[in-house]
Structure formats: C-alpha cells, structure tokens
Number of protein chains: 2
Amino acid sequence: MNGAESLVRTLVGAGVEMCFTNPGTSEMHFVAALDRVDGMRPVLFLFEGGATGAADGYARMTDKPASTLLHLGPGLANGLANLHNARRARSPIVNIVGEHATYHRAFDAPLTSDIEALAWTVSGWVRTSGSAAAVAADAAEAVAAARTAPGVVSTLILPANTAWTEGKGPAPALALPDRTTVTDEALREAAAALRSGEPAVLFLGDHALRERGLRLANRIAGATGARLIAQVSNARMARGQGRVPIERLPYPVDQALATLAGTRHLVIVGTTPPVAFFAYPGKPSALQPDDCVVQILARPEDDQLDALERLAELLGAPVEAPSHLGGRRPAVPTAGPLDADSVGLALGALLPEDAIVCDESITTGRNFFAATRDAPPHDWLQLSGGSIGLGIPMATGAALACPGRKVVNLQADGSAAYTAQALWTQAREKLDVVTLIWSNRAYAILRHELAGVGANPGRKAIDMLTLDDPPIDWVSLARGFGVEAFRVETLPAFVEGLREGFARSGPLLIEVAL
Amino acid sequence: MNGAESLVRTLVGAGVEMCFTNPGTSEMHFVAALDRVDGMRPVLFLFEGGATGAADGYARMTDKPASTLLHLGPGLANGLANLHNARRARSPIVNIVGEHATYHRAFDAPLTSDIEALAWTVSGWVRTSGSAAAVAADAAEAVAAARTAPGVVSTLILPANTAWTEGKGPAPALALPDRTTVTDEALREAAAALRSGEPAVLFLGDHALRERGLRLANRIAGATGARLIAQVSNARMARGQGRVPIERLPYPVDQALATLAGTRHLVIVGTTPPVAFFAYPGKPSALQPDDCVVQILARPEDDQLDALERLAELLGAPVEAPSHLGGRRPAVPTAGPLDADSVGLALGALLPEDAIVCDESITTGRNFFAATRDAPPHDWLQLSGGSIGLGIPMATGAALACPGRKVVNLQADGSAAYTAQALWTQAREKLDVVTLIWSNRAYAILRHELAGVGANPGRKAIDMLTLDDPPIDWVSLARGFGVEAFRVETLPAFVEGLREGFARSGPLLIEVAL
C-alpha cells in the first residue's frame, strides 16, 4: 500500500468522509487511491476557492472536517481566501496539498514555491510529510489537530514520492482532548458583573449561538437583565420560531458604538472582545466603552455550553426564561417596489423549515436578519472573515453536509463574481441550493466607504466601484455552469420565484434586480 | 497631500501608468487619489487573479511594471497564483496591498492576516510602510526593485493610516542599475565548448528569445553547429516570418530527454538548466545527459544580448547566418475533422501580422507552435509558472499594453474556468482579444498523468478529471460577462469564425468543440 492509499484510509478511519478537490499531476496517486478505498466521497470543483469554501460550509454544519485536495502552492493560494474565512469561523478542515517529490524541490521547477509559508497564514497545524512511512501518522495528527476545539485548519503537504512509495498502511485515529472547562472563579466574577445592577451585555459567538447555548444565555439574561448580543459575523446561528432571538452587533462602527454605549460589563462567551472591522480616522478600534469592564468567561476553545449552564445555575436562573419564541412570521408582501425591505419580508414569509441560510448579502441584506426572526427554525451562516467570495462555495458545502435541507444563499453580486464556478459543482452534484443574487451592479459597500473618505469622488473613483458596464448577466453565467436561472424585476415575480425555488429540488439561481 | 496621493504621484513619476485593481475599504484613499492625479489609468477586475495576470501580460509586452491594487491578505491571496506565474516570467509588477491601520492590527479584526508572509512567496521586494511620510520613498524603491534586471514582483503594503495621514509629497524615481555583463573568461569557455566539435546546445530563455537575441544566437549556431533550444515555457518569444525559428524543449519528460540525448555541452543564456516540470518514479529531474557539461553563460539578470553579441564576435560568426526565415505559411485547411491538427493549420494560415498570442492551450496546443512558425511576425506568450488560469488575464493585460495589436488567446477550457471573470474587463475596456476555448471538457493533461500512475483508473478517479457533467457552456459564460461569443463544431465554421474574429475589433470568444 503506497503512501497515498495509507493517507486516504487514515482520513476515512478518522471520520473524514468528503474530499473537495481540484487536483493536478502531483496528486494523481491520491486520486487513484480514491478508487481503492470506500468511504471517501470526492467532489470536484473548477476552482480551489470553491473547494475550500465548501469545506468551511460543510464543517459549520457537521462540526467535523472535510478534506481538500489542492495542487501545490498555487492551488493552495487559490483556496486561501476562503481558508481565511474558515479560520475566522474556527471550522475544522484538513487540507492535503500536493508537493514536488522531496528530491525534486532542489531543482526549483516552475511550480515550486514555499507552500508551508502560505499554509501557516491560515492553518493551526502544518506539516510536510518526510516519507511514505510517515504519511499515515501525519494524517492522523492533521485530523486530530483540526478537530481539537475550537477547530482549526490543518494542512498536510504531501511530496509526490511520499504518495507513490510503499508506506506502512493506515494509522488509527487519535483521541481528541476534552474542551477545557472554565474555573469557578471565572464563573463567580461573571455572576458578580451580571448581578451588579449596572448595564451588562453577554457577548456571544461560536457554540453559544447554537440552540442550546442561546437557551442558556436567555436564562441568564432573564435572571440578571443582561442584554444578549452576538458578534457581527458568525459561523452559524440557530434562529427562527422556538429559538431565542438575539441581536447582532452592527457592522458600521458608529452603530456598533451606539449599541454598546453605556455598557459597564461585557461578559464574553465563545468569542473575543468586539472590534471594528476596519479602522477609520478619529474612531476607536475597540467597540466597548472606555469604562466598560471586559471579562472573557469562555474562550472559543473552552466548553462554552458548560460555562453557560454553570453560570445559569450559579445565578439561580429559572429553567424557563421569558422570551419571544412565538412571534408570527410576516405576511407575504404583495405590493410595492422590489427592494431590500420587501425582499426581507418575502424571505421572512417564505423561508422553508430547517433551511440553511448562507448570507453574503453585504449591504443589501442588513435588514434580512430581523425580517426572518420569526420564520420556521433555520440556521444562519455568515461571512466570518470578511473575504468576499464565500457564499456560493459555502452553500455548496452546506448542501453536501445536509441532504434533505434547503440551502438558501443570499448573495451580493460583486462577491458572487469571485467564486461563481462553484455553481458548476452544485449542478454536478444536483444540490438543493437556491442562490438569490442581489443585482445592484455595484460594490455598494465601497460607495459608503468612499463617501466616508470625505472627498467628492470623481469619475475614476466611482468607476472602480461600479459594475454596470457591462452589466453582469447572472442568468447567462448560471446557465453556463449548468444551473437553471431566471431574473426577476418585480416583487410579485420575486415572490413567485421564491415559491418555485423552495418547492423544487436541485440548484436554482434567481437574479434579483435591485 | 496625504500618503495615498504621494504614492500615486510617485508611481506615475516612476513611469507606472496602469493600476489593475479590485479595491476594498482599506484602499479607498488610494482610489480617491486617482481622481486627483493624471497619468494613472485604473482598470477594474472582478477578481484579483485577473488583475495580477493582466499585470504579468502588460509587463511582458512593455518591459515595465503596472501596479495592482489589492485588498489586504485575502485580496493578495486571490492574486497569488498569477503572481507566481509572473515571478517565473520575471515580470516586473508593483503590488499595492491595503492593510489595516498600524494601530488596528493588534485588535486582530476579522480581515487581519500575515500579508508579508504571503507577499514573500512571490516577491523579490516586500515592505510595509511605517508612516505616511515614508510611503512615497517606499514606492520609489518598490518601482526600482521591480525594474531592476531581471524584473521582479515588488509588494508595498499600505496601512490605511499611512494612506490617509498627511505625507511628504511624491518621491523622485530612483536610478536603475545597469545589467551586469558577463566576463571575457565566461565567453571564452562558452566559445570553447561550442567549438569543441562535440554535440552542443545553446539553451535560451528570457531576452535571448526576443528578435535580436535569436538573430545573435542564430549567428552563433551557424558558426559552430550548435543547436538552438528554448526552455519549455517562455515569457515571450519573437516568432514568424523574418524571425529565427527555434524549437522548445518538450514538456513530457521522455521527449525532453530524447531531445537532449547525446548533448555534451549545454551553454545557457537567460535561464537556468533544464528540469522536469514534475518528478516521476524512476525518471531524472535534470534533463541534460549525465556527461553533459553545463555552463551558464548569462543569467536572466545579466546583459544577455551583450553576451550573445560578444560571443558571436569572439567566434567570428558571419553577420548573416543561414536560417529558414522565409518559410511559407500553411494554406487554410478546408476539409477534414475539427481537431488539434486542423486548428493548428488554420492558426498558421490566418494569424494576423503583429498578433500577440497568449498560449494556455495545455495538451490541445502542443502542435500549434510548429504550425504557426511561418505566420507573419508575432509574439508568443506562455504559461510560465505552471499555475493554470493565466490565459484570459494575460491576454487582457497584453491588450491594454498594445492597443492596435490583435491578441489571440489559445485557451484550454479547464484552465479558463479559473479566471474567466477577466472577460468582463475585456468587455468593459473594449479590448481587441479573440479567445479560443478548446472545449474538450476534461483535464486532459491529467488523464495522461493518471495513466502514467500505472493503476487502471476507476470511476471516481476518472470523474475527477472530467468536466462534461454538466458541460460548461462557454458561449453563455462569455455573454454573462458581456463578451460576444459563439460555438463552432466543424472546421469550416472554425475557419470562418477565425476570419471574423481577426477582422473585427473588440473582444470575442469562440468555443471550439474538440
């Protein structure tokens, strides 16, 4: 059994069931091994950013890693932007990156580059296998590193000769360490802050935003009067009827500052203190007030649910806290313009039960979150690292993770243009994804930012933020990649399109003129 | 004048006239400055790999750098694969990468990453500006570094506060060092090798493959009997009637070994010794015979033309050497199947004078080079670093560099899917590019490679190399990006399409069914 086969068998044995790939010559032994091993499903992408973004979406919905298979440094480079997002989402992923044979590197062949340097920018674990005999054990470590809380990107670099040379056979899966639990002292400090009678916020991320975390947080809020606020961008939130609604910290700095104004205690679970996405002249980077006391109760790697549960007990919080779990979803809008408001209402009215919403709406979607609060239960996945071009790949991975659930990709048009190739994989795998493209034909967010620069922007600057010359025809692009598509320009047509998309199965793209 | 404006003015003063961009928030002050400064043309791309590949094409055709404007680490990451190709082509490029304000980095905001680590993997010069006052001088250094022979990728990282703070005004362009000249001793050694009477090869790259370099090499070959061979993949070659024809070392290892078999002396100008693109079990990495003496006469950074001229003089080579400068171009093929052979003949018959051929044909195009030998004078640009997805962007940059010349992009379909977004820029800028997509709906090169692995490939492996489910509709994709397109399935239709594409102006894509 060569090194490549021992690698695939080790991955499968450690619970890695998917391989999202765009392979090249140096990965051919791995590809050939896929045929000899059951239990690993290869999924082909036309571009590596699709594969890595899909691995992120898959990890968010399964809490376990997919593998990716990438072609040397440039293949990894093409996947880096979405690995950056995955790192920020703390998604476990196991990258397998092909490399030249160990003895070939010294010849500096054209595709040679510093793969480890690239990998470290997004990975918590990186290793280049030194021999075929070492590959299986390296792979077992890579999976264990990826799965150790809070979840990281692992990158195993596989020189071609370690793939083709006889290896030692598969290695057993490694035991995973338990999450660390927070100390009683930290719990007492948090309880004291929340009971102080001064304005307090429980600031949540990661698993605290899953259904059980939110219920526990809601008990604490009910017992103490603390506000619940989620960080700006979240890997996955449990939402909809029966779930505890929670506001998110707004993206614009002034709104974020206003949201946290007056807060004297910030108790953090599953994330880090709130910071501005970008710096602006004369505005702070840290978003809590200067006189606010910040306490990190549970880091992302800690057992956040245990911390919340023990805190609720310590506070004597009643098990059933007051909440707004039974709001009514909005009615289907029937009249008026097709705009962000009416689109939000239509989504709130029609979103199917158990949907997975992948939200890369950027400016268009700032009200969609509130408008869908009382839709049936669903999960909401956001652009975690700010690197646009995640939506279509993430939706692809979420659909691969959860057959039978409808995936709804709320997608800004400028961002969609980065990685639209993943539509082809949706068609190839017949995935149940409805992509809604907000076609405003601009980098709308940058128009706000440019206005904030203060100068009166001139023609050249405005041109750089405008996508209407020529307009991108999303229906034509989607069909080019094998996905059915149509364009809607009125609210009734949008509502009818949504109904159709949610009723049928298989991929569909709707270009929404805004 | 803020740091951003001092940067733009410094770039313009140093001869940088183009900015290929996909900007974000942190680059808004640079974008705003473009309106206040004449002489810098901004060109927008939907994806950073388009911008960097265009900068490579532009540099190959002008021998000077364009700037790129990229958004933090992920923006640079998206451009890295084509910067890798640019590095291998020794193309001068000045990347400007926006970064968080210096004081904001410590907060680890979502878009924070190690930009310098990414940049060093492709750059010969990297600096993060420390203050607005330093930006202009840093930019002058960045341009000088890029333009110093043999040409490198420079990356200047621009923290947002160094852009928006008052700076010192533009910095003057720096003087560039002369290319180093080779020693008389090196010339005598090369002359002795070539005169030895033993089989000798003059192995050429870089500027030795421009028109004058080839004429000089041809004089040397005529005087000594040495064979002229170009490296496998070249940044730019002068070709066609009146130019000295030269064979390239074949890509397949066995063919390359056969080509160099028996060679006792390898004299190298403008490149490095020949190596296999990939390693294979039981095959060598170095491609010259074991008993061959290798001499690097002129490195890429040396004055290659001076070395060739002095060598020709030393050898007493007549100024007019025998050659095949007057071959007849093939007749237009009129009958038979549409395949790689007939396509090559049609290209040879119809390629317009002064065309710029961007060749990312991969397997399909292996005979196109020979078939176009006697076409009118043209330049031939190849995939230099092996990272696929260069063709469409490189053609875009070549067209921006050379208005009035027809750019012909010979484009494999699998590779085209990486960076097809650059078609939108071709439409936006009304560039004179004909893109010929070889639609074989497979990663054909990998089928050869997989066969070489030895195993009988099974269904899963073959699936990973096959792009026909669903087929990519290139006509639909091109129209989606605003480029006119049609598909041809017969030889007469291909010939008619070529005639039309070469006669009209503006971008056109022809999907060629192979």
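The values are calculated or read from the model by the stated rules, or taken from the named source; none is laboratory data. As the structure is a computational prediction, the values presented were derived from the model and not from experiment. Heads up, the Cβs are rebuilt from the backbone with ideal geometry, glycines too, and the neighbour counts pull from every protein chain shown.
Within the stretch A:109-155, the set of residues being more than 16 Å from A:HIS84 (Cβ to Cβ), within 11 Å of another protein chain (Cβ to nearest Cβ) and not in a loop (DSSP other than H, G, I, E, B) comprises A:ILE115, A:GLU116.
Candidates A:LEU83, A:LEU158, A:LEU176: the one that is part of a helix (DSSP H, G or I) and either out of contact with any His (no Cβ under 7 Å at 6 or more places or on another chain) or away from chain B (no Cβ under 14 Å) (or both) is A:LEU83.
Among residues of the stretch A:407-464 being among the acidic types (Asp, Glu) and in contact with a Pro (Cβ under 8 Å, 6 or more places away or on another chain), the one that is surrounded by the fewest Cβ atoms within 10 Å (Cβ to Cβ) is A:ASP463.
Would you call B:HIS100 modelled with pLDDT under 95 and at the interface with another protein chain (Cβ under 7 Å from one of its Cβ atoms)? The answer is no for B:HIS100.
Does A:VAL512 qualify as being touching a helix residue (DSSP H, G or I) at 6+ places or on another chain (Cβ under 8 Å), facing chain B (nearest Cβ under 8 Å) and either surrounded by fewer than 19 Cβ atoms within 10 Å (Cβ to Cβ) or not basic (Lys, Arg) (or both)? In short, no. Here is the figure for the stretch A:488-503: residues that are under 13 Å from A:VAL408 (Cβ atoms) and assigned to a loop (DSSP other than H, G, I, E, B) total 0.
Would you check if B:ASP35 is surrounded by fewer than 24 Cβ atoms within 10 Å (Cβ to Cβ), within 8 Å of another protein chain (Cβ to nearest Cβ) and modelled with pLDDT of 95 or more? So B:ASP35 fails the test.
Within the stretch B:442-458, how many residues are at the interface with chain A (Cβ under 7 Å from one of its Cβ atoms) and either assigned to a helix (DSSP H, G or I) or under 27 Å from the mean Cα position of the chain (by Cα) (or both)? Of the residues in the stretch B:442-458, 4 are at the interface with chain A (Cβ under 7 Å from one of its Cβ atoms) and either assigned to a helix (DSSP H, G or I) or under 27 Å from the mean Cα position of the chain (by Cα) (or both). Just checking, does the stretch A:39-54 include any residue being under 13 Å from the mean Cα position of the chain (by Cα), of a type outside the set (Gly, Ala, Ser), at pLDDT 95 or above and surrounded by fewer than 24 Cβ atoms within 10 Å (Cβ to Cβ)? Within the stretch A:39-54 (the criterion being under 13 Å from the mean Cα position of the chain (by Cα), of a type outside the set (Gly, Ala, Ser), at pLDDT 95 or above and surrounded by fewer than 24 Cβ atoms within 10 Å (Cβ to Cβ)), the answer is no, since none of the residues qualifies. Among the listed residues A:ASN78, A:ASN95, identify the single one that is part of a helix (DSSP H, G or I) and in contact (Cβ under 8 Å) with a residue 24 or more places away in the chain. Step by step, each of A:ASN78, A:ASN95 is checked, and only A:ASN78 is part of a helix (DSSP H, G or I) and in contact (Cβ under 8 Å) with a residue 24 or more places away in the chain.
Candidates in the stretch B:62-75 are the residues that are more than 9 Å from chain A (Cβ to nearest Cβ) and buried (at least 24 other Cβ atoms within 10 Å of the Cβ); of these, the one that is nearest to B:HIS207 (Cα to Cα) is B:PRO65.
Total residues in the stretch A:203-255 satisfying the condition of being of a type in the set (Phe, Trp, Tyr) and either surrounded by fewer than 24 Cβ atoms within 10 Å (Cβ to Cβ) or without any contact (Cβ under 8 Å) to a residue 60 or more places away in the chain (or both): the figure is 1. Being assigned to a helix (DSSP H, G or I) and in contact with an Asp or Glu (Cβ under 7 Å, 6 or more places away or on another chain) is the filter; apply it to the stretch B:9-32 and report the residue that is modelled with the highest pLDDT. Only one residue fits best here, namely B:MET28. Restricting the search to the stretch A:435-475, which residues are at pLDDT 90 or above, polar (S, T, N, Q) and farther than 22 Å from A:GLY391 by Cα? Answer for the stretch A:435-475, where residues must be at pLDDT 90 or above, polar (S, T, N, Q) and farther than 22 Å from A:GLY391 by Cα: there is none.
With respect to (1) outside any strand (DSSP E or B); (2) within 14 Å of chain B (Cβ to nearest Cβ), the lone exception for A:ALA485 is condition (1). Of all positions in the stretch A:334-342, none carries a residue that is within 14 Å of chain B (Cβ to nearest Cβ) and buried (at least 18 other Cβ atoms within 10 Å of the Cβ). B:LEU465 satisfies every condition listed in (1) facing chain A (nearest Cβ under 7 Å); (2) within 30 Å of A:GLY39 (Cβ to Cβ); (3) of a type in the set (A, V, I, L, M, F, W, C) except (1).
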